Amino acid sequence: MAIIYTYPISPPVGTDLLVGTRSGVPRNPTRNFSVDQLAVYIIDNLNGTNLTVPIFFDTVNPTTGLVETTLVDSILTQNANPGGTTLTIAGNLYITGTLRDSTNKTGLQGQVLKSTVTGTEWGNVNSTTEVIPFNNVTTITATHTGALGTFPSITVVNNNNIVVYGEIAYVSTTQLTVTFASAQTGTLYLN
């Protein structure tokens with residue numbers, strides 16, 4: 001039998017056979033398995049419930065001049081294998097093609113991708129203004145629908161059609177207060 005280091009070094013191919021010993025069974029039998037089988041085992045059985053999607057790069061070996069495929073760290077992970085439902089990207093996402101919603105539509109110019117709870121869909125931006133009148137108060141507590149976001153823009157116009165300013169506090173995702181130095185009457189506009 002030849003000494004292992006006398007064999008030429010070359011990149012493995014999927015059909016190459018490896019020799020191993022099965023442990024934990026009677027008489028620890030020797031067995032053969034292919035590089036392909038080993039790769040499937042590693043992808044399907046390691047990394048617990050998370051699966052890192054491998055990324056490979058072709059590089060030129062400076063010694064031999066041969067192109068070799070190298071496995072590098074991945075920024076992609078899948079939450080489970082098999083049956084994963086979430087792909088996480090730990091970095092930036094650059095899209096050169098189209099971005100499609102749950103129904104495979106690309107949307108129209110100016111539309112935004114919105115959640116439907118069970119998926120996504122393209123839709124128009126809501127450009128509503130919520131109007132809240134008030135009368136002779138120093139503090140206005142306003143509850144809004146939340147459709148304008150957590151921190152909507154606020155304009156306060158008094159009964160003389162003059163913009164007045166007060167101290168604004170965002171109490172929750174749907175409630176805010178505006179406090180004035182003196183009592184005011186007018187309308188609160190949220191957009």
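The values are calculated or read from the model by the stated rules, or taken from the named source; none is laboratory data. Predicted model, so just to flag it, every value in this text is computed and none were measured. Virtual Cβ from ideal backbone geometry, glycine too; neighbours counted across all protein chains shown. Surface areas here come from the heavy atoms of the whole protein model, side chains and all, with no ligands, DNA or RNA. Shrake-Rupley method; radii C 1.70, N 1.55, O 1.52, S 1.80 Å.
Taking residues in the range 1-29 that are farther than 30 Å from Leu66 by Cβ and modelled with pLDDT of 85 or more, and partners anywhere that are assigned to a loop (DSSP other than H, G, I, E, B) and of a type in the set (D, E, K, R), the pairs with Cβ atoms closer than 9 Å and at least 6 places apart or on different chains are Asn28/Arg22; Pro29/Arg22.
Would you be able to tell me the number of residues in the range 145-172 that are more than 22 Å from Ala183 (Cα to Cα) and either open to solvent by less than 70 Å² (accessible area, probe 1.4 Å) or at pLDDT 95 or above (or both)?
Narrowing the range 145-172 to residues more than 22 Å from Ala183 (Cα to Cα): 145-152, 172.
Add one more test, that the residue is either open to solvent by less than 70 Å² (accessible area, probe 1.4 Å) or at pLDDT 95 or above (or both), and what stays is 146-150, 152, 172.
The total comes to 7.
Every residue, every condition in (1) surrounded by fewer than 10 Cβ atoms within 10 Å (Cβ to Cβ); (2) modelled with pLDDT of 70 or more; (3) more than 30 Å from Thr145 (Cα to Cα), yes or no:
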residue	(1), (2), (3)
Tyr41	no, yes, yes
Leu51	no, no, yes
Gly97	yes, yes, yes
Ser127	yes, no, no
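Gly110 passes every criterion in (1) open to solvent by 60 Å² or more (accessible area, probe 1.4 Å); (2) closer than 30 Å to Gln78 by Cβ; (3) not charged (D, E, K, R) apart from (2). Between residues in the range 103-117 that are closer than 18 Å to Ala147 by Cα and in contact (Cβ under 8 Å) with a residue 60 or more places away in the chain and residues that are open to solvent by 60 Å² or more (accessible area, probe 1.4 Å) and in a loop (DSSP other than H, G, I, E, B), which pairs lie under 8 Å by C-beta distance while being six or more apart or on different chains? Qualifying pairs under 8 Å: none. When we screen Thr141, Thr150 for residues that are out of contact with any Gly (no Cβ under 8 Å at 6 or more places or on another chain) and more than 30 Å from Asp101 (Cβ to Cβ), the only hit is Thr141.
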